[in-house]
Amino acid sequence: MRFLRRNRGKVGLITVSIGGNDVTACVREPDPVACVGPATERVKANGKLLLERVRRAAGRKPRIVGITYPDVILGSWVSGLQADRDLAALSVIAFKSLLNPALKEMYQSVGGRFVDVTAATGAYTPLEQTTTLAPTA
């Protein structure tokens, strides 16, 4: 924030990627599905406070652009365990239906924009439609 305050009027664009820690922590919970909703609300509340501070420090002029947080839970798809594959598939739904819409709302609340990189790259495609390639050396 100090940088933004000291350089107020000189910064034209602020890019932000936040929101994953609360949601990805749900993987360690006994019921990860029940954890995601409350975690998403925490992301939205904490993120909004942070973005309000960024906006105050930077002023009204700079454009704030937020992007999706990468779904690191997807890596469990390749473990070979059905429970991991189920969790990875559920994470796609959680990010599409809960987390990314919450992030969009959060950024818009401070006059920012949101880019759903996951949607733009076609990564909401069901994991059963993926291709398995041979390992590279």
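Checking each residue in the range 67-104 for being at pLDDT below 90 and among the acidic types (D, E) picks out only D71.
Taking the range 25-137 and the helices (runs of 4 or more DSSP H) fully enclosed by it, the elements with 3 or more residues that are of a type outside the set (S, T, Y) and more than 30 Å from V11 (Cβ to Cβ) are at 32-58, 82-94. For the range 106-122, enumerate the residues that are in contact with a helix residue (DSSP H, G or I) (Cβ under 8 Å, 6 or more places away or on another chain) and either under 14 Å from S17 (Cα atoms) or surrounded by 15 or more Cβ atoms within 10 Å (Cβ to Cβ) (or both). Passing the criteria: M106, Y107, V110, G112, R113, F114, D116, T118.
Of all the listed residues (A58, A39), the sole one being surrounded by 13 or more Cβ atoms within 10 Å (Cβ to Cβ) and over 15 Å from the mean Cα position of the chain (by Cα) is A58. What single numbered condition from (1) part of a helix (DSSP H, G or I); (2) over 18 Å from the mean Cα position of the chain (by Cα); (3) among the aliphatic types (A, V, I, L, M) fails to hold for V11? Answer for V11: the failing condition is (1). There is no residue in the range 46-57 that is in contact (Cβ under 8 Å) with a residue 24 or more places away in the chain and in contact with an Asp or Glu (Cβ under 6 Å, 6 or more places away or on another chain).
Condition check ((1) more than 27 Å from T130 (Cβ to Cβ); (2) touching a Cys at 6+ places or on another chain (Cβ under 9 Å); (3) surrounded by 13 or more Cβ atoms within 10 Å (Cβ to Cβ)) across all residues:
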| residue | (1), (2), (3) |
| --- | --- |
| R6 | yes, no, no |
| G9 | yes, no, no |
| S17 | no, no, yes |
| C26 | no, yes, yes |
| K48 | yes, no, yes |
| I64 | yes, no, yes |
| G75 | no, no, no |
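The values are calculated or read from the model by the stated rules, or taken from the named source; none is laboratory data. Nothing here was measured: the structure is a model prediction, and the numbers come from that model. A quick note on method: Cβ atoms are made from the backbone with ideal geometry, for glycine too, and the neighbour counts reach across all protein chains shown.
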